[in-house]
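Taking it in order: structure first as structure tokens, then the write-up.
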Amino acid sequence: MIDQAMGASSPVASEALQKRRAVACQVGTAFAGYPAVSAVLIFGSVALGHVDEHSDVDRLLICRDELLRTSERAARLAPFGTGWQARGQRGQRGQRGQQGENPLFPDEDEGYVDGVPVTVHYQTVPWITEVLGEVIGKCGEGGRSRRSGATPRPVGERGAGDGGARRYRRR
């Protein structure tokens, strides 16, 4: 029933979705509990449940202070797949040095896990905080939302081992 609600309407789509979810879990395991990682997220077609046998898996690692070194990433990913290749350049707070590169994900690793293509994207908490601050600031004066009149404020933080989410409460 969950698979149907998420768009996996055929047995082939359901099997493809389950395989990609298992692959996503394996990749997440590579970084679970790693102190430099604040959160490991999944996005794209697997998160939405709209996959077929050609779909890839997209993971986002949110690093606490700075992006992980290529050697650290390679060492953690190697046991979980093959053909891992690093793309991008390590930059400060998500900024890239070359024109035309994606500032949203300054570093990426691509490889295969159980024959499924996987891309692991990396970003930092300071970069995300800065971007969210700008977005919230544009919602209205003083960062207050025009719709609710509320300012989000952090109420707690959890590490990668227990969900890696920062929760917000309205004032």
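When the test is whether a residue is surrounded by fewer than 16 Cβ atoms within 10 Å (Cβ to Cβ), under 22 Å from Ile128 (Cα atoms) and modelled with pLDDT under 95, Gly33 passes it.
Here Glu66 passes the criteria (1) closer than 23 Å to Glu130 by Cβ; (2) modelled with pLDDT of 90 or more; (3) surrounded by 20 or more Cβ atoms within 10 Å (Cβ to Cβ) except the one numbered (3).
Among the residues that make up segment 82-89, is at least one of them part of a loop (DSSP other than H, G, I, E, B) and at pLDDT 95 or above? First the steps, then the outcome.
The initial filter retains those residues of segment 82-89 that are part of a loop (DSSP other than H, G, I, E, B), namely 89.
Filter again for at pLDDT 95 or above, leaving none.
Among the residues of segment 82-89, not one is part of a loop (DSSP other than H, G, I, E, B) and at pLDDT 95 or above, which makes the answer no.
Exactly one residue out of Ser71, Ser55 is over 16 Å from Thr119 (Cα atoms) and either buried (at least 18 other Cβ atoms within 10 Å of the Cβ) or without any contact (Cβ under 8 Å) to a residue 60 or more places away in the chain (or both), and it is Ser71. Val27 meets all of the listed conditions (1) buried (at least 20 other Cβ atoms within 10 Å of the Cβ); (2) assigned to a strand (DSSP E or B); (3) among the β-branched types (Val, Ile, Thr) but one, namely (2). Is it true that Arg87 is more than 30 Å from Pro11 (Cα to Cα), surrounded by 14 or more Cβ atoms within 10 Å (Cβ to Cβ) and either of a type in the set (A, V, I, L, M, F, W, C) or within 15 Å of the chain's Cα centre (by Cα) (or both)? Spelling it out, it is not the case that Arg87 is more than 30 Å from Pro11 (Cα to Cα), surrounded by 14 or more Cβ atoms within 10 Å (Cβ to Cβ) and either of a type in the set (A, V, I, L, M, F, W, C) or within 15 Å of the chain's Cα centre (by Cα) (or both).
Scanning for something in a strand (DSSP E or B), among the hydrophobic types (A, V, I, L, M, F, W, C) and modelled with pLDDT under 95, does segment 113-126 turn up at least one residue? No.
The values are calculated or read from the model by the stated rules, or taken from the named source; none is laboratory data. Here the structure is a predicted model, which means the values were calculated and not measured. Don't worry about glycine lacking a Cβ; one is built from the backbone with ideal geometry, like all the others, and counts go over all protein chains shown.
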